[in-house]
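No value in this document is a laboratory result; all are computed from the given coordinates. Computed from a predicted structure; not experimentally measured. Cβ sites come from the backbone with ideal geometry, for glycine too, and all protein chains shown count toward neighbours.
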Amino acid sequence: MRVVFVHGACVKDGPWWWHRTAELLVVRGVASEAPALPSCGETGEATGAQGPGLVEDVAAVRGVLAASDEPVVVVAHSYGGIVTAEAAAGVDAVRQLLLVSSYLPEVGQSLASFGGEEPAPFLEIDPEGGTFTVRPDALAETFLQDCGPEIQRQATDKTARQSLAVLEQPVQSAAWQQVASTYLVCADDRGTPADLQREFARRAGSVVEIDAGHHPFLSQPAAVRDLILGL
């Protein structure tokens, strides 16, 4: 078995965000990787209103998923659930989806489908540049409040300006409708409210809930490792 991690919005250096859990998996003989998302500028293309967007992110993740016949567990976080909904569809190697505080879209829904009339207060929008990101002063208190100060400090350097193009682009498939799926609700998440997560979780095959913030794979890596191994 291998694990493919799909990170959320407005971050870069995907392997870093998953490293605490990935290191525990290696000890158990399970390899993992975290594809680079073009919309977050991880592949060298400039981000902006015209993209790269969801289409390019889906292609990048799908390429990794389809690169081997070895059974895969896909672990998708937040916006990564939107990417995975389409990227994992029809890939025979994908056996399980683990959705962590994740958006879980139906076909035709986009990231914007789940937002309010006004941008979330923790976001910084640049309409002229066509990008958005997390406000630096809101990052730790909103998304990493249950992580140590060193993780919070390092995370500040791992944020990215993401293309606004991803907001409106709808998914063309919903892999969670065909693939066994587990939803991990993070009850102390200040970024994606637990009640919203629970609504998404109703679409999944099974649900697990823990008292954690938005990034349990950093704050409680052993719990996430055990959940993955159980799948």
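For every other residue with a beta carbon closer than 15 angstrom to the beta carbon of ALA46, add +1 if it is Lys or Arg and -1 if Asp or Glu, then tell me the sum. Kindly include the intermediate steps, with their values, before the conclusion.
On the way: positive: LYS12, ARG161; negative: GLU42, GLU45, GLU56, ASP126, GLU128.
Within the 15 Å Cβ shell, the charges total -3.
Rounded to the nearest Å, what's the spacing between the alpha carbon centres of region 178-202 and region 204-231? Just the number, please.
Result: 11 Å between the Cα centres.
By how many nm would the segment from LEU123 to ARG202 grow when fully extended, if each residue of separation counts as 0.36 nm and the alpha-carbon distance is taken off? Please report the intermediate quantities before stating the final value.
Values: separation 79, 0.36 × 79 = 28.44 nm, distance 2.72 nm.
Difference between extended and current length: 25.7 nm.
Taking a ≥ b ≥ c as the square roots of the Cα gyration tensor eigenvalues, with a/c under 1.5 meaning rounded and otherwise prolate when a/b beats b/c, else oblate, which class fits region 120-231?
Here region 120-231 falls in the oblate category.
Using 7 Å Cα-to-Cβ label points, what is the LEU229/ALA187 separation (nm, one decimal)?
It is 2.4 nm.
Label 7 Å along Cα→Cβ of GLU33; region 192-231 residues with amide nitrogen under 13 Å?
Zone members listed by number: none at all.
Using the Cα centre as the reference, give the magnitude of the dipole from point charges on the C-beta atoms of the chain (Lys, Arg: +1; Asp, Glu: -1; all else neutral), rounded to the nearest 20 debye.
Details: 15 positive and 30 negative charges, 122 e Å.
So the dipole magnitude of the chain works out to roughly 580 debye.
If each residue's Cβ is checked for other Cβ atoms within 10 Å, how do THR159, THR192, THR84 rank with the fewest at the top?
Ascending number of Cβ neighbours within 10 Å: THR159, THR192, THR84.
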